[in-house]
Amino acid sequence: MPFEVRRAKLDDIPKLIEIENHCFPTDRITAQQMRYLISKAKAVIYLAYQEKSKEIGGYGICFTPSKRTTARLYSLAVHPQFQGQGIASLILNKLLSKLKSLDYHFCNLEVRQSDEKTQTLYRRFGFTPIEQIAEYYADGEGATRMRTPL
């Protein structure tokens, strides 16, 4: 069954947190934080959804600051049972299109230095490394900051 992309709603929080917990060993978003991100934050949150099965395959969150120069991809996660089906690309494409339509010039992100698979995905969308950040994550691993023009 194909996935469609739509904005996240408060009712989606339990499934989003389930995905969060499956995908990230540290630095997880809590249900309270997710509620804030969906309802009050300057953010755009899209998810991949199957209407018939009501499954949520993954989600992406971009911070959209008032100064419309650089947005930030804060989180992109796909539930392990749906990985390899192009869901991350589907969500990322929608997020970057939305940021462009909102007149942002760049999108930045941070990714684990050891996560070559995800870095390869980001490179396909035009992201290039701009900085290395030591001990960025709670477990001490460093991050690579990447940027793409929109």
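Only the coordinates and a few stated rules stand behind these numbers; no lab work does. Model, not experiment: these values are computed from the prediction. Cβ placement follows ideal geometry from the backbone for every residue including glycine, while neighbour counts extend to all protein chains displayed.
Towards the positive end of the charge dipole of the stretch 4-105, with charges on Cβ (+1 Lys, Arg; -1 Asp, Glu), say which of 74, 105, 47 has the farthest Cα. Farthest towards the positive pole: 105. Based on alpha-carbon atoms, the Kirkwood radius and the radius of gyration of the stretch 110-150 give Rg/Rh equal to 0.99. For a distance above 16 Å, tell me the whole-number percent of Cα pairs in the stretch 68-108 that qualify. Distances greater than 16 Å cover 39 percent of the Cα pairs.
A protection proxy built from the mean count of other Cβ atoms within 10 Å ranks the segments 7-15, 88-96, 54-62, 127-135, most packed first, as 54-62, 88-96, 7-15, 127-135. Can you compute the label reach from residue 70? Point 7 Å from Cα along the Cβ direction, backbone N cut-off under 20 Å, restricted to the stretch 126-146. Residues passing the 20 Å test: 126-137, 142-146. Put a plus charge on the Cβ of each Lys and Arg, a minus charge on the Cβ of each Asp and Glu, and nothing anywhere else: the dipole of the chain about its Cα centre is then about 720 debye. Among the lysines, which have Cα under 20 Å from the Cα of residue 42 when same-chain residues fewer than 8 positions away are ignored? Qualifying lysines at Cα under 20 Å: 9, 67, 94, 98, 100.
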